[in-house]
1. Place a +1 charge on the Cβ of each Lys and Arg in the stretch 25-135 and a -1 charge on the Cβ of each Asp and Glu, then give the dipole magnitude about the Cα centre in debye, rounded to the nearest 20.
2. From the phi angles alone, apply the Karplus equation (6.51, -1.76, 1.60; θ = phi - 60°) to the stretch 8-24 and give each ³J(HN,Hα) in whole Hz, x where the residue is Gly or Pro.
3. Rounding to the nearest 20 debye, state how big the charge dipole of the chain is about its Cα centre with +1 on each Lys and Arg Cβ and -1 on each Asp and Glu Cβ.
4. Compute the long axis of helix 178-191 from its Cα atoms, compare it with the longest principal axis of the Cα atoms of the chain, and write down the angle in degrees, 0 to 90, nearest 10.
5. With θ set to phi - 60° and the Karplus curve 6.51 cos²θ - 1.76 cosθ + 1.60, what are the ³J(HN,Hα) couplings of the stretch 88-98 in order, to the nearest whole Hz, using x for Gly and Pro?
6. What's the ranking of 184-196, 13-25 by average number of surrounding C-beta atoms within 10 Å, highest first?
7. Work out the FRET efficiency for I40 and D94 from their Cβ-Cβ distance, taking R0 = 35 Å, and round it to the nearest 0.05.
8. Relative contact order for the chain: what percent, with Cα pairs under 8 Å and sequence separation of 6 or more?
Amino acid sequence: MDWEGLSRALAARYGSPRHGNPTDPTDCLFYLMLSRKTPIRTAARVYKRLRATVRGWDGLLGLTQVELVRLLWGSGLEEIRAGHLLAVAGLLRDRFGAVTLEPLRQWPDDECLAFLMSLPGMGMKTALCVMLYGLDRPVFPADAHCIRVLKRMGVIDARLAHRPAQRELARIVPGHLGYVLHVNLVAHGQQICTARCPRCAECVVANYCLLGEAAQQAAEGQLPYGESLRRT
């Protein structure tokens, strides 16, 4: 894969959006915890409500779980989210003396990842997103959009399950391109390379893609499109 060429083409098309992710690592952590399995607009609304109420993140520990559930109402899985948020806040204060991730700025990447993944409610993708957006680390978080697009490009086996795909992409994508590729692949997966009915004719990176090549062959009458999908 020509990662440099792919990143340039995607960045030219989508402009490398941050998708609403905060730049502060602690803000980013709690925002991402709220955004898991939740529409971005909903997560942003609940995050804004929470920030307006607790002010500093240490303020989370002054809330009961019932009070926090009320603040999270509308995000889905409120009881579980509230439990995770309170547990993470408590662990951070016990470890660092305050509810903060600032000390991680001095840690090596592998220690950051291991620590973040040890927190309640944190998976590999969320931990890598905190590192990418909040700590400016050269990592590649692979969400469902990234995985779908890169499978269609033949970068990884299309049969690979979600978590093994995350691990494999974190290993093979060049770290210095992690941010540009992640944010633009997310945008591409949302707008063009959708799960159903991908808009291959509008794709700016179709030349990198097995599915795009198959769609082109189908358009030229060389291969039935349904057959092309089965082959890719």
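1. Charge dipole of the stretch 25-135: 540 debye, to the nearest 20.
2. Once θ is set to phi - 60°, the couplings for the stretch 8-24 become 5, 5, 5, 5, 5, 7, 10, x, 6, x, 7, 6, x, 6, x, 8, 6 Hz.
3. Details: 29 positive and 21 negative charges, 129 e Å.
Using Cβ point charges on Lys, Arg, Asp and Glu, the chain gives about 620 debye.
4. Result, in degrees: 70.
5. My calculation for the stretch 88-98 gives 5, 4, x, 5, 5, 5, 5, 7, 10, x, 7 Hz in order.
6. Most protected by this proxy first, the peptides run 184-196, 13-25.
7. Calculated value: 0.65.
8. Relative contact order comes out at 23 percent.
Every number in this text was worked out from the coordinates using simple rules, so none of it is lab data. Computed from a predicted structure; not experimentally measured. Counting neighbours? That spans all protein chains shown, and the Cβs are built from the backbone with ideal geometry, glycine included.
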